[in-house]
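The values are calculated or read from the model by the stated rules, or taken from the named source; none is laboratory data. Only a predicted model underlies this, so the values are computations on that prediction, with no experimental measurement involved. Don't worry about glycine lacking a Cβ; one is built from the backbone with ideal geometry, like all the others, and counts go over all protein chains shown.
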Amino acid sequence: MKKANRIITLLIFVFLYAPMAVLIIASFNVGKDITQFEGFTFQQYAEVFRDRSLLTLLGNSLIISVLASGIATAFGTVAAVGIQGLNPRMRRTVMSLTNIPMTNPDIVTGISLSLLFVFVGSKLLGQRDSLTFWTLLIAHITFNLPYVILNVMPKLKQMDRSLVEAAMDLGCTPLQSFFKVTLPEIMPGVLSGAIMAFTMSLDDFVISYFVTGLDFITLPVEIYNYTKKQLQPKIYAMFTMLFLLILVLMVIMNLLQLRQDKAKNGHRRG
Amino acid sequence: MSKELIRLQDLVMEFNGERILDGINLYFNDHEFLTLLGPSGCGKTTTLRIIGGFLTPTSGRVLFDGKCINDVPPYERQINTVFQRYALFPHLDVYDNIAFGLKVAKLPKAEVHERVHQILEVVGLQGFEHRKIDSLSGGQQQRVAIARALVNRPKVLLLDEPLAALDLRLRKDMQNELKRIQQAMGITFIYVTHDQEEALSMSDTVVVMDKGRIQQIGKPEDIYNEPKNAFVADFIGESNILDGVMLADYKVKFFGRTFKCLDAGFEPNEPVDVVIRPEDIDFVAPEEGHLVGTVTAVTFKGLNYDIIVDFKGFKWLIQTTDFQPVGASVGIRLNPEDIHIMHKSEYSGMFGDYSSYSAEYDELTEDAGDEEE
């Protein structure tokens with residue numbers, strides 16, 4: 001039984017990581033045909049950094065991810081503090097309302113946002129091209145918010161409520177006590193929310209596809225356009241780098257969690 | 001007596017239609033060590049939180065130096081609090097925890113430094129400046145919490161069951177420590193506890209509360225020796241409480257006998273509660289006793305024996321160093337100063353009968369933890 005368990009675990013990992021392995025290997029291939037490994041090279045990586053348009057796309061993706069996750073983190077954290085202050089029944093209602101968009105199919109979210117933007121833009125603001133960088137940014141902030149709230153809420157729940165009272169007792173206004181006491185306490189949740197939002201933003205294709213204009217295109221959207229032609233090997237190289245970036249972020253997130261658990265255990269000992 | 005600092009006028013507090021405080025009138029003098037004492041749910045913590053500014057009373061006023069401070073937020077009150085579970089900031093070290101209030105007040109760095117070191121000395125934590133909070137023991141955390149509040153030189157320090165989380169020995173040490181600090185700093189302490197011994201040993205004034213009302217205010221000796229009703233008599237120490245009739249001044253009748261006492265001012269033939277403290281009763285030979293009973297249980301307590309004696313079906317607790325075996329027939333004599341008379345109250349008949357006494361009694365009351373909002 002134990003042996004069977006191990007084999008199944010191994011198989012699962014193979015299924016999970018085999019595609020990534022193929023991609024990474026392909027990114028180092030000299031030849032263009034992925035079925036044949038013709039030799040090891042960093043050539044494709046060099047190509048990525050030589051390709052101006054590809055770098056611009058990557059830049060666009062990073063800009064939108066950083067902005068959207070940053071703004072969503074700020075709003076989401078404040079929202080979470082507000083939700084935590086509600087009475088238990090209201091809190092549950094609001095939390096289920098924030099969770100629904102996460103389970104909503106991306107394509108539904110994308111199309112409905114698109115419809116909204118076009119309606120508001122053309123009907124109310126009289127724009128000709130309603131879909132722009134700004135609609136893309138708003139869409140990303142929108143779908144990032146629930147992830148931030150979801151990460152911050154448990155930290156707020158864990159926090160000893162008398163800490164805020166202690167801060168006010170020692171002369172802090174409510175705003176000061178948020179920055180001096182609440183924020184440092186919930187920081188791990190805020191950071192993991194921000195990282196999660198960033199990765200969601202970085203790899204979003206479906207929603208972005210429907211809400212972005214021609215003036216600002218992100219990497220996943222453009223790559224979809226590439227696939228209509230033959231895929232160039234330098235794309236593999238770029239994907240490998242993106243994969244590594246996400247991997248690093250995930251490791252950081254896990255380390256944060258680990259450090260915090262340790263701190264909590266230390267606290268229990270004291 | 002020193003001047004009045006805080007006054008509570010007709011405080012009423014209701015949560016979801018439930019009345020937590022039912023007309024509290026109380027004043028606090030400068031430099032006083034005052035304790036709010038009562039069982040959980042009696043409203044003592046609510047009273048403290050209203051003084052601290054964390055709750056707004058449903059009606060009634062809080063006066064500080066004669067001015068109504070109902071609408072003054074906690075951060076503008078010259079009052080600091082030591083919270084029940086300390087509420088130290090885990091992301092700051094000992095120094096930064098203590099310096100927190102001074103830094104918020106934007107005091108010059110040199111002064112912050114000096115005052116933090118001064119207060120560390122007062123609470124005996126020199127050399128702990130850069131320790132992390134979670135590396136401290138409960139007693140040390142307690143001291144940091146006190147230092148963090150006192151360093152701001154408040155006019156009043158509120159303490160919400162600060163010793164509840166400590167073990168017995170540490171609790172005794174901290175009781176002495178707190179009293180010493182209060183006298184050294186010369187500020188008003190308002191202390192909340194459900195531990196009657198703690199209240200008696202530290203306070204200048206004890207306020208006994210139950211069901212959102214003040215049952216009695218007085219010096220510890222007065223509260224113990226002259227309880228106003230059966231609740232106070234039972235909550236503060238142990239008491240045998242009997243039904244009696246006040247025949248005239250200094251004459252009370254119970255158990256079919258008339259006893260001399262020191263109390264006067266009751267209506268003729270007024271039904272009263274008679275309190276007899278277990279430690280005031282001495283055994284005599286049965287034929288010499290005012291009352292004769294049979295020993296039904298004996299528990300060795302170290303300092304004394306707890307002996308339950310059955311007098312005509314009513315069981316008394318007697319604390320004495322004089323051992324009597326179970327089944328022995330004993331007599332007791334009651335001197336006038338051993339008898340304390342109280343008016344009848346809503347608590348009459350609820351306390352003071354040891355018929356269901358068991359040795360675990362003390363532990364049970366000890367365990368009754370205090371969680372109130």
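The table below gives the values:
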item	result
Answer residue from the stretch B:89-98, given it is surrounded by fewer than 23 Cβ atoms within 10 Å (Cβ to Cβ) and not in a strand (DSSP E or B) and is nearest to the other protein chains (Cβ to nearest Cβ) among those	B:H91
Enumeration of residues in the stretch A:239-264 that are loosely packed, with under 11 Cβ neighbours inside 10 Å and either within 14 Å of chain B (Cβ to nearest Cβ) or at pLDDT below 85 (or both)	A:L258, A:K262
Residues that are surrounded by 19 or more Cβ atoms within 10 Å (Cβ to Cβ) and away from chain A (no Cβ under 12 Å), drawn from the stretch B:123-141	B:V123, B:L125, B:F128
Condition check for A:G126: free of Cβ contacts under 8 Å to residues at least 24 places away in the same chain, on the phi > 0 side of the Ramachandran plot and within 12 Å of chain B (Cβ to nearest Cβ)	no
Selection count, the stretch B:323-342, where residues are more than 28 Å from the chain's Cα centre (by Cα) and of a type in the set (A, V, I, L, M, F, W, C)	6
Matching entry among A:Y226, A:Y236 (being surrounded by 20 or more Cβ atoms within 10 Å (Cβ to Cβ) and at pLDDT below 90)	A:Y236
Looking only at the stretch A:189-223, and only at residues there that are in contact with a Pro (Cβ under 9 Å, 6 or more places away or on another chain) and of a type in the set (A, V, I, L, M), the one that is surrounded by the fewest Cβ atoms within 10 Å (Cβ to Cβ)	A:V206
Complete set of residues in the stretch B:70-84 that are more than 15 Å from B:L157 (Cα to Cα), within 14 Å of chain A (Cβ to nearest Cβ) and in contact with a strand residue (DSSP E or B) (Cβ under 9 Å, 6 or more places away or on another chain)	B:V72
Unmet requirement for A:M20, which otherwise passes all of (1) more than 17 Å from A:A237 (Cα to Cα); (2) in contact (Cβ under 8 Å) with a residue 24 or more places away in the chain	(1)
The stretch A:1-35, residues that are surrounded by fewer than 10 Cβ atoms within 10 Å (Cβ to Cβ) and part of a loop (DSSP other than H, G, I, E, B)	A:M1, A:T35
Conditions (1) modelled with pLDDT of 90 or more; (2) surrounded by fewer than 22 Cβ atoms within 10 Å (Cβ to Cβ): number failed by B:S40	(1)
Lone qualifier among B:V116, B:V104, B:V112 - being without any contact (Cβ under 8 Å) to a residue 40 or more places away in the chain and at the interface with chain A (Cβ under 8 Å from one of its Cβ atoms)	B:V104
Search result, residues across the stretch B:311-357 that are more than 30 Å from B:I214 (Cα to Cα), of a type outside the set (D, E, K, R) and outside any strand (DSSP E or B)	B:G313, B:T321, B:F323, B:Q324, B:P325, B:V326, B:G327, B:A328, B:L334, B:N335
Given (1) assigned to a helix (DSSP H, G or I); (2) out of contact with any helix residue (DSSP H, G or I) (no Cβ under 7 Å at 6 or more places or on another chain), index of the condition B:L107 fails	(1)
Filter pass, B:A165 being assigned to a helix (DSSP H, G or I) and assigned by TED's automatic domain parsing to the domain that holds B:G41	no
Residue match in the stretch A:188-209 (condition: farther than 16 Å from A:T56 by Cβ, among the charged types (D, E, K, R) and touching a residue at least 24 places away in the same chain (Cβ under 8 Å))	yes
Elements of type strands (runs of 3 or more DSSP E) contained in the stretch B:255-310, each with 2 or more residues being surrounded by fewer than 19 Cβ atoms within 10 Å (Cβ to Cβ) and among the β-branched types (V, I, T)	B:291-300
Extreme residue, modelled with the lowest pLDDT, among residues of the stretch B:295-322 that are aromatic (F, W, Y) and within 31 Å of the chain's Cα centre (by Cα)	B:F314
Qualifying residue in the stretch B:23-36 (condition: more than 26 Å from B:R143 (Cβ to Cβ), touching a strand residue (DSSP E or B) at 6+ places or on another chain (Cβ under 9 Å) and part of a loop (DSSP other than H, G, I, E, B))	no
When residues of the stretch B:221-246 are limited to those that are in contact (Cβ under 8 Å) with a residue 40 or more places away in the chain and assigned to a helix (DSSP H, G or I), the one farthest from B:I281 (Cα to Cα)	B:F231
Whichever residue in the stretch B:52-78 is without any contact (Cβ under 8 Å) to a residue 40 or more places away in the chain and among the acidic types (D, E) and, among such residues, is nearest to B:V104 (Cα to Cα)	B:E76
Close pairs (7 angstrom Cβ cut-off, 6 or more residues apart or separate chains): at negative phi and in contact (Cβ under 8 Å) with a residue 40 or more places away in the chain in the stretch B:323-339, in a loop (DSSP other than H, G, I, E, B) and β-branched (V, I, T) anywhere	B:I332/B:I281; B:D338/B:I281
Any hit, the stretch B:46-60, residues being assigned to a strand (DSSP E or B) and away from every other protein chain (no Cβ under 14 Å)	yes
